[in-house]
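K.L.:
I have a structure here, written as structure tokens, and I will follow up with some questions on it.
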Amino acid sequence: MFIITQKEFLAVGIVLCLYWKLDLLVHIISGEKLVNESKIKDELIKLIFCMYLVGVISKIYFPMTIAWGEYINFREPVIRLNPITSVLIIYNEGGMRSVIYNLGGNLLLLMPMGFFIGYYFSNIFNSIKKILIAMFLVSLFIESTQVVLSLILPNVYRFFEINDLILNTAGGCLGYYLFKIRNRVEIISDNLV
């Protein structure tokens with residue numbers, strides 16, 4: 001039996017992201033002047049997005065225990081569909097600090113995703129309704145895959161919580177809203193110059 005920890009997955013993932021954009025990093029570190037500054041900005045944002053995705057995956061799916069023989073232990077996933085009950089369970093297990101960590105973390109988890117969706121797909125996701133649906137579907141995918149992993153992999157024990165679904169969706173919408181604010185500020189600053 002062995003365990004792939006969050007830190008191990010995160011470290012390997014970040015190294016692979018950096019390797020993917022190694023040429024960009026060499027240009028930035030060397031101070032070499034590149035012809036197309038906007039291309040550098042776009043490539044740097046792709047690198048940040050890649051590292052963000054690695055971070056999200058490491059937070060959601062790891063640690064992951066790989067076991068065989070007598071170490072196999074199947075546990076059914078926990079599905080909590082009542083938000084108040086879910087908060088009370090978290091509070092009883094870890095106090096107010098755990099509630100704040102859990103709710104705040106779920107709000108922040110997909111906030112960058114909303115921003116990146118606005119950045120890369122603003123022609124498709126051009127309304128709060130579309131971004132709300134997209135973020136809900138991303139969050140539903142995350143929660144559903146946690147249940148599926150708990151069902152098919154031994155020693156993987158995950159939760160499906162309605163709070164996660166609500167807060168991830170809200171966080172993604174906030175991220176999209178921050179993207180819209182950033183665009184307005186950029187437009188205003190471009191007009192001032």
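K.L.:
For the chain, which whole percent of the accessible surface, found with a 1.4 angstrom probe, sits on carbon and sulfur atoms?
P.N.:
71 percent
K.L.:
Still on this structure, I have one more. What do you get for the angle between helix 6-20 and the principal long axis of the chain? Use alpha-carbon atoms, 0 to 90 degrees, nearest ten.
P.N.:
Here the helix axis deviates by roughly 30 degrees.
K.L.:
Please sort 16-25, 110-119, 157-166 by packing, taking for each peptide the average over its residues of neighbouring beta carbons within 10 angstrom, highest first.
P.N.:
110-119, 157-166, 16-25
K.L.:
Tell me whether the stretch 12-73 comes out rounded, prolate or oblate; compute the Cα gyration tensor, take square roots of the eigenvalues as a ≥ b ≥ c, and use a/c under 1.5 as the rounded threshold.
P.N.:
Verdict is prolate for the stretch 12-73.
K.L.:
Which listed residue (Leu165, Ile48, Gly175) has the Cα farthest towards the positive end of the charge dipole for the chain, taking +1 on Lys and Arg C-beta and -1 on Asp and Glu C-beta about the Cα centre?
P.N.:
Positive-most Cα among the choices belongs to Gly175.
K.L.:
While we're on this one: Skip the ligands, DNA and RNA, and give the accessible area per residue of the chain with a 1.4 Å probe, whole Å².
P.N.:
63 Å²
K.L.:
Further question on the same structure: So, how do all the Cα-to-Cα distances of the stretch 62-103 break down into 5 Å bins, in percent, from 0 on up?
P.N.:
Each 5 Å bin holds this share of Cα pairs: 5, 19, 17, 16, 15, 13, 11, 3.
K.L.:
Continuing with this model, one more query. Mind checking the full-extension length gain between Ile60 and Ile79? Use 0.36 nm per residue of separation minus the Cα-Cα distance, one decimal, nm.
P.N.:
Result for the pair: 5.3 nm of gain on full extension.
K.L.:
Let me spell out the model: positive unit charges on the Cβ of Lys and Arg, negative unit charges on the Cβ of Asp and Glu, origin at the Cα centre of the stretch 98-193. What dipole size does that give, in debye rounded to 20?
P.N.:
With only Lys, Arg, Asp and Glu charged at Cβ, the dipole is about 200 debye.
K.L.:
Let me ask something else about it. Given the options Met1, Leu103, Ser122, identify the residue whose Cα lies farthest towards the positive end of the charge dipole of the stretch 1-132 (+1 on Cβ of Lys, Arg; -1 on Cβ of Asp, Glu).
P.N.:
Of the candidates, Ser122 comes out farthest on the positive side.
K.L.:
Further question: Please state, to two decimals, what the Cα-based radius of gyration of the chain comes to when divided by 2.2 N^0.38 Å (N = residues).
P.N.:
1.22
K.L.:
Turning to a different aspect of this structure: Figure the gain on full extension for Tyr52 and Thr5 (residue separation times 0.36 nm, minus the Cα-Cα span) and round it to one decimal in nm.
P.N.:
Gain in length upon complete extension: 15.2 nm.
K.L.:
Further question: Can you list the aspartates and glutamates whose alpha carbon sits under 16 Å from that of Lys21, skipping same-chain ones fewer than 8 residues off?
P.N.:
Straight-line reach from Lys21, under 16 Å: Glu32, Glu37, Asp42, Glu43.
K.L.:
Extension gain Leu22-Leu149, at 0.36 nm per residue separation less the Cα-Cα distance, in nm?
P.N.:
Roughly 42.4 nm would be gained on extension.
K.L.:
Now for a separate question. Kindly point out, ordered by number, any Cys in the chain whose beta-carbon has no other cysteine beta-carbon under 4.7 Å away.
P.N.:
Cys173 - these cysteines have no disulfide-compatible partner (Cβ-Cβ under 4.7 Å) in the chain.
K.L.:
Over all directions, what mean area does the Cα convex hull of the stretch 111-193 project, stated in square nanometres?
P.N.:
Its Cα hull, projected and averaged over all orientations, spans 6.4 nm².
K.L.:
Calculate log10 I(q)/I(0) of the stretch 1-105 for q = 0.09, 0.17, 0.20, 0.21 Å⁻¹, where I(q) comes from the Debye formula with a single equal point scatterer on each Cα and nothing for solvent.
P.N.:
-0.44, -0.95, -1.08, -1.12
K.L.:
Using the Karplus curve 6.51 cos²θ - 1.76 cosθ + 1.60 with θ = phi - 60°, work out ³J(HN,Hα) for each residue of the stretch 179-184 in order, rounded to whole Hz, and write x for Gly and Pro.
P.N.:
Ordered by residue, 3J(HN,Hα) equals 4, 5, 4, 4, 5, 5 Hz.
K.L.:
Please give the charge dipole size of the chain, origin at the Cα centre, charges +1 on K and R Cβ atoms and -1 on D and E Cβ atoms. Round to the nearest 20 debye.
P.N.:
In debye, rounded to 20, the chain gives about 360.
K.L.:
Quick one: 3J(HN,Hα) in Hz for the stretch 125-141, Karplus 6.51/-1.76/1.60 with θ = phi - 60°, rounded, Gly and Pro as x.
P.N.:
Those phi angles translate into 9, 10, 9, 5, 5, 5, 5, 4, 5, 4, 5, 4, 5, 4, 5, 4, 4 Hz.
The values are calculated or read from the model by the stated rules, or taken from the named source; none is laboratory data. Values in this document were obtained by computation on a predicted structure and should not be read as measured data. Cβ coordinates were reconstructed from backbone atoms using ideal geometry, including for glycine residues, and neighbour counts include every protein chain displayed. These accessible areas exclude ligands, DNA and RNA; they are computed on the full protein's heavy atoms, side chains included. Shrake-Rupley method; radii C 1.70, N 1.55, O 1.52, S 1.80 Å.
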